[in-house]
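The values are calculated or read from the model by the stated rules, or taken from the named source; none is laboratory data. Nothing here was measured: the structure is a model prediction, and the numbers come from that model. Cβ sites come from the backbone with ideal geometry, for glycine too, and all protein chains shown count toward neighbours.
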């Protein structure tokens, strides 16, 4: 576990608690493998959250797909469909937009107004 997660109180116990939650936003519940990123973004007070690809992967527990590292479009807000969850749901349902800098390997998540 990364030191930055520990400094912010994001421990294994906290992750288990977060997984047990059933978060709801915009009348929909976030589910799927991107749930931990959703919870992290949802519980940040800052209007801007900047994460490296490595930090995102540490939160998720798996590597981002190659498309996330190579294509800006992967980070675009896809049309959410209740019958088919999409990876972008994790920031859309947390009321954020995602703006990647592929060269720097970071993503800026801004609170949507």
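Could you say which residue among 4, 10 is modelled with pLDDT under 60, touching a helix residue (DSSP H, G or I) at 6+ places or on another chain (Cβ under 9 Å), farther than 16 Å from residue 89 by Cβ and part of a helix (DSSP H, G or I)?
Criteria check complete, one pass: 4.
In the range 51-87, what residues are modelled with pLDDT under 90 and either under 17 Å from residue 106 (Cα atoms) or in a loop (DSSP other than H, G, I, E, B) (or both)?
Result: 76, 77, 78, 79, 80, 82, 83, 85, 86, 87.
Taking into account only those residues within the range 13-50 that are in a strand (DSSP E or B) and at pLDDT 95 or above, which is surrounded by the most Cβ atoms within 10 Å (Cβ to Cβ)?
Selected residue: 49.
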